[in-house]
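I have placed the structure first, in the form of structure tokens, so that the comments after it can refer back to it.
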Amino acid sequence: MNVNQQPHMASPYGQPQPGYQGYPQPGYGGGHVPAGIPAQYAPYNGPGAAHQQGQPQGYSPYASFPSKTVAANLVSDLSSSSPLDLGMRGPPTSGAPPVTPVQDYSQFGDSQNGPPPMGAPPQRPSVSQPYTPGAVNLSGPQPPYNQQYGAPPNSMQQMTNQMSIMQVGPTAPSPAGPGYAPPSVSQAPVSAAYTPAAPHTFSPTSAGPTHPPPTEGVAQPPPQSYYGAPPSAQQPFPNAAPAFSSAGPTHPQAPPPVSQQSFPQSPPVSQPSFSTAPPPGPIPGPRTHSYGGPPPGAQTSFQRPPLPTSQPSAFPGGPTSQPSAFPGGPTSQPSAFPGGPTSQPSAFPGGPTSHPSAFPGGPPPTSAPSQIPGVSPPQPPGSQPSSYHSGPPPTAAGFPPQGGPPQRPHLSGMQAPPHMTSQGPTMVQANHVPPSQPGMLPAPPNASMSGPPQQPGMQGYPPQQNGAFGQHRGPQPGYAGPYAGQQNYGAPSAAPAPAPSAPKRLDPDSIPGPIQVIEDDKANKGSEPFTTGVRGQAPPLVTTNFQVKDQGNSSPRYIRCTAYNVPCNADMAKQSQVPLAAVIKPLATLPPDETAPYLVDHGESGPIRCNRCKAYMCPYMQFIEGGRRFQCGFCSCVTEVPPHYFQHLDHTGKRVDCYERPELSMGSYEFLATVDYCKNNKFPQPPSFIFLIDVSYNAVKSGMVGIVCQELKTLLDYLPRENPDMESNIRVGFVTYNKVLHFYNVKASLAQPQMMVVSDVSDMFVPLLDGFLVNVQESRVVIESLLDQIPEMFADTRETETVFGPVIQAGLEALKAADCAGKLFIFHSSLPIAEAPGKLKNREDKKLVGTDKEKSLFQPQVGFYNTLAKECVAQGCCVDLFLFPNQYVDVATLGVVPTSTGGSIYKYTYFQAPTDQERFLNDLRRDVQKPMGFDAVLRVRTSTGIRATDFFGSFYMSNTTDVELAGLDCDKTVTVEFRHDDKLSEETGALMQCAVLYTSCSGQRRLLIHNMAVNCCSQLADLYRNCETDTIINFFAKYAYRSVLSSPTKNVRDSLVNQCAQILACYRKHCASPSSAGQLILPECMKLLPVYLNCMLKSDVLQPGADVSLDDRAYLRQLISSMDVAESHVFFYPRLLPLQKLDVESTTLPVAVRDSEERLSRGGVYLLENGMNLFLWVGANAQQELLQNIFGTPSFNHIDPSMTSLPALDNPFSKRLREIIETIRTQRSRYMKLIVVKQEDKLELIFKHFLVEDKSNNGGASYVDFLCHMHKEIRQLLS
């Protein structure tokens, strides 16, 4: 067989699901894979999920889990000489291993990498390096696969192919093909970069051929991790059988002739290590998972000598006294995997551990790392069998080591690929979801797949069957269609195929999941108030409801840091790669039980400040000399205390009035600014709001004009005000426009409003001063008359062209004329193609997506708007843009002014009044009423040793220190990145002070101060103990979304993966206790970094599906630039609530479930929200009573999917559900329209896009795949 031939992959979508047959799937299908193989063999990504919901027994949130290998042509892993295997250690070999006879199939005829010789018996690793392939026990019956193991392979080639894909572990298969260990040759690892974008390839970015270079004329198959087909039984593998050692040459070696290839210690041929026959039934028992070795299903069966451990062996071949889930093992006591005589169970096969430990190797010194050994399994209680579901036997990957010389890693020393890792032969998966089960996307029409449905959770990397990130393999000879008849792996090849048994796959419950972490945090930190007085204390997560008591540091509602322990020096920061940043939300809204910052008035002298660095008085200033002077905490300069501010000190050195002054005892407070802080040394006028309404044909026809005019009549009574009992000081003005602009005089003394038309849009001016900006109460009658007349005046318009630049100029000129700051509310419908400044052309070109020129699509097409934005900021003119497009409007360009002035963009594509009116009006009401500051300048000061170097958000900067915001509202954040410029000391910590100078809505000039002190550390372990993953992801997203303006999206994704791998590799190297390289060990507070990072990498901005418009991508990019941590968290990892578990008596919400299709029950109803969208998913078998309570009809078929609000029914369930929806909407800055999705309806494809743990249509990896990819990247860095 030609070794380059690639085994074909099953379609990424798994089996077609009923109801989806007709949907074309973008991105799959006939594209070509690098090797020229038609892409219709999309990769098989693992079994569908038949996951049981709920925690598996024996589950621990950071339990280790078997990882599927996601090796992309992992040349490097095999070639590195370090023993980084997934928990399996191999003996050093310095040449091709000796060959032993009789091996049933040699697959690569000409490459020698055979099994280890009998002469080199594998040795068991020392206790300190537990080997932990993860056994994932999926207890509970699994739906059978509808795919049988087909007839036995009829050709050597097939066997070869089967073997070639058997890769177990996150390292790459050996070039020669999985299943053989290459002789060890140390070679530098080549890092394969992960490129989710291409649906089918994971090409290594950092150099390195994707396929190992052929040597001696031998072609090699791209290394792939296979999803676990065990080798045929006739060629038993040694128990220790190393499939590849992790130290192997990059070049394949020819395997010995078939006749002589054997694996040491293999059982006689007559007793297959695993029979394919499924066990009579699943064995109950805890699921054990290790993040590490291949899951059982992933193992091929080899018998192995007993393992000295007291845990039940989850792997075949491991001595166990439990019943065997796989019949056929010559074991006198049942073994969870047939074929392995085992006398004592081991949860971590291969790990000679006698105590259960989720962290093989002992927990690292720092906060318990979540260890995903190999990506290691929690151990089941010794008394219970590790129940493995009936399923094909595991592939050779992870067996317990045996005594003797060090054992070679099985199958490449890597852990089973995620998919394979928990699954047995690829075909059959233990947890697969039956076809119509959630968890699978439909197969692309052309994939004739009889293989198992795709694995949930696996939605997302380039299709990679066999776990290899990277290539698709071509169909294998003798196989019918993708995965059609895979044979009974592991059974004697001649045996007929028995009924299919469920294959195994890495159990997602065994890898760190967000829900468990969120719930644990609520339980641990939600009940007590969070007091800010302790320096360097990480706050509760954004998902926890907690009360804050300000005792000297700013509330986490105002400032969240990526790390609360900052490295003492730049070298340590560089080594860890953990970003040092703060997400600052200066005007954040507080809950009713917390006090807003106090306003301090120091009179005409103004706030007290440090003479040198100009920091404002705060709790970090140290009073000396009896209170006559103070030493600055930021720069250490000593400043005289003004006489009027003098106060004596108490015996501790604190001022006697410390607790009476907010600036001496609180983290956040405001100062009333003096005239010195005002423009031109004069106090500002109250701000103004100007409403500019597009009255072109599209805007009128959609109903937008009528809706806006009607709403403004009541909304003007709710303009922002300082004191709820007083009238607002804000003045208002109105303009309508199409190709020309219409200004309205609404002076109180007029009987009717007057219109003035400006048709010379190239030189904009305001035709009237008096009467344009007016007080609402005084001119109410005239304003209402105008708002009634506008829709009638333009009802029959035929003007389709619009201008946009002159509209902003008109508002800006009006504010300049009135000498005030303010906000423009622009309601716009189409691309501005009329002749005028800022005219645009349609440049939508989908062909540029994925190319180096893609970045141009995110950049403004003309420079006019950048100049205009600068002028707006100088005047304090903030712009909010409401878009109602029916086609491309170039949001990247139209959004320049709003995003540079601190404004917002709202987008209502294909706006239809009946369904979208509620969403638009709620957004408009909130936007007009929300608290905000105008004409703001923000500056961040830091203590000596660090400085603010980079800023992200919706603002303009004319220098390197001042963030200028024409408007700053309660939803906007400014993200600041810090760098070292000197050493820090552990005693003093690091300080930052954010000062915002702004004009309040009543016209007062104020200084808002937020202070934050964090600890400094000289040990990396302390840094990793006190990080906040949600904030890190928020920072990474802003950094990445800005980078797409200058780099191709693929490079941006690769750099994110690389940085994340460096963060985790540094932890593994310096903070975790020594353990097998096969384990993936994660710091406790960063164990969700991979899942969240993967969600970000798959987002529409970085990896768009074919149906995502350029405007939507530009819109999301701009939106996230100023998003806070709570909103970015739910945006990237949506909240999915199972409503069938809703308790109407309780005020608490049901516990959310993970975002994977396999978590959806056909009998349930789920609510999913991500801050932008709100979906109500209804299972096809939902109970009639539930449907009656929610929709007023017991029939699934009678539910109207076009409804946008639930009927107000008189039953407790309906009332509680509508309350929950309302509550969720009030927590978010944008109103979410409700979309009802019936299972198997066409809208379900959109809904599935938000199930972020699954593989996505656009080529994004599933969480399980990505975790294995990360593991591989980490191992490469460590080696």
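The values are calculated or read from the model by the stated rules, or taken from the named source; none is laboratory data. These figures come from a predicted structure and were not determined experimentally. In this analysis, Cβ positions are derived from the backbone assuming ideal geometry, glycine residues included, and neighbour counts consider all displayed protein chains. Remember, those area values only see protein heavy atoms, side chains included, never the ligands or the DNA or RNA. Shrake-Rupley method; radii C 1.70, N 1.55, O 1.52, S 1.80 Å.
Please determine whether any residue of region 1206-1225 is surrounded by fewer than 22 Cβ atoms within 10 Å (Cβ to Cβ) and either closer than 22 Å to Ser1262 by Cβ or in contact with an Asp or Glu (Cβ under 6 Å, 6 or more places away or on another chain) (or both). Within region 1206-1225 (the criterion being surrounded by fewer than 22 Cβ atoms within 10 Å (Cβ to Cβ) and either closer than 22 Å to Ser1262 by Cβ or in contact with an Asp or Glu (Cβ under 6 Å, 6 or more places away or on another chain) (or both)), the answer is yes, since at least one residue qualifies.
Please work out if Val1091 is part of a helix (DSSP H, G or I), crowded, with 22+ Cβ neighbours inside 10 Å, at pLDDT 95 or above and touching a His at 6+ places or on another chain (Cβ under 8 Å).
Details: part of a helix (DSSP H, G or I): yes; crowded, with 22+ Cβ neighbours inside 10 Å: yes; at pLDDT 95 or above: yes; touching a His at 6+ places or on another chain (Cβ under 8 Å): no.
Judged against the criteria, Val1091 is not a match.
Is region 711-719 home to any residue that is under 22 Å from Asn775 (Cα atoms), polar (S, T, N, Q) and surrounded by 19 or more Cβ atoms within 10 Å (Cβ to Cβ)?
First, pick out the residues of region 711-719 that are under 22 Å from Asn775 (Cα atoms): 711-719.
With polar (S, T, N, Q) added as a condition, the list becomes 714.
Narrowing the set further to residues that are surrounded by 19 or more Cβ atoms within 10 Å (Cβ to Cβ) leaves none.
No - not one qualifying residue is present in region 711-719.
Tell me, which residue of region 1120-1129 that is part of a helix (DSSP H, G or I), of a type in the set (A, V, I, L, M, F, W, C) and out of contact with any strand residue (DSSP E or B) (no Cβ under 7 Å at 6 or more places or on another chain) is most open to solvent (accessible area, probe 1.4 Å)?
Initial filter on region 1120-1129 (part of a helix (DSSP H, G or I)): 1120, 1125-1129.
If we keep only those that are of a type in the set (A, V, I, L, M, F, W, C) too, we end up with 1120, 1125-1126.
So of that shortlist, the ones also out of contact with any strand residue (DSSP E or B) (no Cβ under 7 Å at 6 or more places or on another chain) come out as 1120, 1126.
Details: Ile1120: 2, Ala1126: 32 Å².
Of everything passing the filter in region 1120-1129, Ala1126 is most open to solvent (accessible area, probe 1.4 Å).
Only one of Asn1058, Asn1051 is within 22 Å of Cys561 (Cα to Cα) and open to solvent by 30 Å² or more (accessible area, probe 1.4 Å). Can you tell me which? Give the steps one after another, and end with the answer.
Numbers: Asn1051 fails: within 22 Å of Cys561 (Cα to Cα).
Asn1058 is the lone residue from the list that is within 22 Å of Cys561 (Cα to Cα) and open to solvent by 30 Å² or more (accessible area, probe 1.4 Å).
Can you pull out every residue in region 548-595 that is open to solvent by 60 Å² or more (accessible area, probe 1.4 Å) and either farther than 17 Å from Asn1026 by Cβ or part of a loop (DSSP other than H, G, I, E, B) (or both)? Result: Lys549, Gln551, Asp571, Lys574, Thr589, Pro592, Asp593, Thr595. Taking the listed residues Arg947, Arg941, Arg979, the one that is surrounded by 20 or more Cβ atoms within 10 Å (Cβ to Cβ) and farther than 30 Å from Met1203 by Cα is Arg941, with no other qualifying. A Cβ distance below 9 Å, combined with a sequence gap of six or more or placement on separate chains, defines the contacts here; from region 649-671, residues that are closer than 17 Å to Asp550 by Cβ reach residues that are aromatic (Phe, Trp, Tyr) and in a loop (DSSP other than H, G, I, E, B) in the pairs Gly667/Tyr558; Ser668/Tyr558.
In region 634-672, the qualifying residues are those that are open to solvent by 10 Å² or more (accessible area, probe 1.4 Å), among the small types (Gly, Ala, Ser) and in a loop (DSSP other than H, G, I, E, B), and the one that is modelled with the highest pLDDT is Ser636.
What do you reckon, is Leu1008 surrounded by fewer than 22 Cβ atoms within 10 Å (Cβ to Cβ), over 31 Å from the mean Cα position of the chain (by Cα) and not in a loop (DSSP other than H, G, I, E, B)?
Considered against the rule, which asks whether it is surrounded by fewer than 22 Cβ atoms within 10 Å (Cβ to Cβ), over 31 Å from the mean Cα position of the chain (by Cα) and not in a loop (DSSP other than H, G, I, E, B), Leu1008 comes out as no.
The listed residues are Cys1071, Cys1027, Cys1066, Cys1085, and the only one of them that is open to solvent by 30 Å² or more (accessible area, probe 1.4 Å) and closer than 17 Å to Val566 by Cα turns out to be Cys1085.
For Val1014, the conditions (1) open to solvent by less than 10 Å² (accessible area, probe 1.4 Å); (2) within 26 Å of the chain's Cα centre (by Cα) all hold with the exception of (2).
Among the residues in region 1149-1161, are any of a type outside the set (Asp, Glu), surrounded by fewer than 17 Cβ atoms within 10 Å (Cβ to Cβ) and over 26 Å from the mean Cα position of the chain (by Cα)? Checking region 1149-1161: not a single residue is of a type outside the set (Asp, Glu), surrounded by fewer than 17 Cβ atoms within 10 Å (Cβ to Cβ) and over 26 Å from the mean Cα position of the chain (by Cα). The single condition from (1) within 17 Å of Leu719 (Cβ to Cβ); (2) part of a loop (DSSP other than H, G, I, E, B) that Gly733 fails is (2).
Of the helices (runs of 4 or more DSSP H) lying entirely inside region 820-936, those containing at least 1 residues that are hydroxyl-bearing (Ser, Thr, Tyr) and either at pLDDT 95 or above or surrounded by 20 or more Cβ atoms within 10 Å (Cβ to Cβ) (or both) span 864-875, 891-894, 896-900.
Give Tyr998, Tyr956 a once-over and let me know the one that is modelled with pLDDT of 95 or more, open to solvent by 40 Å² or more (accessible area, probe 1.4 Å) and of a type in the set (Ser, Thr, Tyr). If you could, list the steps in order and put the result at the bottom.
Working: Tyr998 fails: open to solvent by 40 Å² or more (accessible area, probe 1.4 Å).
Selected residue: Tyr956, the only one of Tyr998, Tyr956 that is modelled with pLDDT of 95 or more, open to solvent by 40 Å² or more (accessible area, probe 1.4 Å) and of a type in the set (Ser, Thr, Tyr).
Considering each residue of region 683-699 in turn, none proves to be at pLDDT below 95, open to solvent by 20 Å² or more (accessible area, probe 1.4 Å), over 47 Å from the mean Cα position of the chain (by Cα) and over 30 Å from Asp982 (Cα atoms). Here is a list: Pro1134, Pro1138. Which entry is within 15 Å of the chain's Cα centre (by Cα) and modelled with pLDDT of 95 or more? Going through Pro1134, Pro1138 in turn, just one is within 15 Å of the chain's Cα centre (by Cα) and modelled with pLDDT of 95 or more: Pro1134. Take the residues in region 535-547 that are open to solvent by 10 Å² or more (accessible area, probe 1.4 Å) and of a type in the set (S, T, N, Q); name whichever of them is nearest to Val940 (Cα to Cα). Selected residue: Gln537.
For beta carbons closer than 7 Å, sequence separation of 6+ or different chains, a first residue in region 1055-1078 that is within 22 Å of Ala1037 (Cβ to Cβ) and a second that is open to solvent by 40 Å² or more (accessible area, probe 1.4 Å) and outside any helix (DSSP H, G or I), the qualifying pairs are Gln1059/Gln577; Gln1062/Gln577; Ile1063/Gln577; Cys1066/Gln577. When you scan region 1169-1181, do you find a residue that is out of contact with any Asp or Glu (no Cβ under 6 Å at 6 or more places or on another chain), under 30 Å from Ile584 (Cα atoms), open to solvent by 30 Å² or more (accessible area, probe 1.4 Å) and part of a loop (DSSP other than H, G, I, E, B), even just one? Yes: region 1169-1181 contains one or more residues that are out of contact with any Asp or Glu (no Cβ under 6 Å at 6 or more places or on another chain), under 30 Å from Ile584 (Cα atoms), open to solvent by 30 Å² or more (accessible area, probe 1.4 Å) and part of a loop (DSSP other than H, G, I, E, B).
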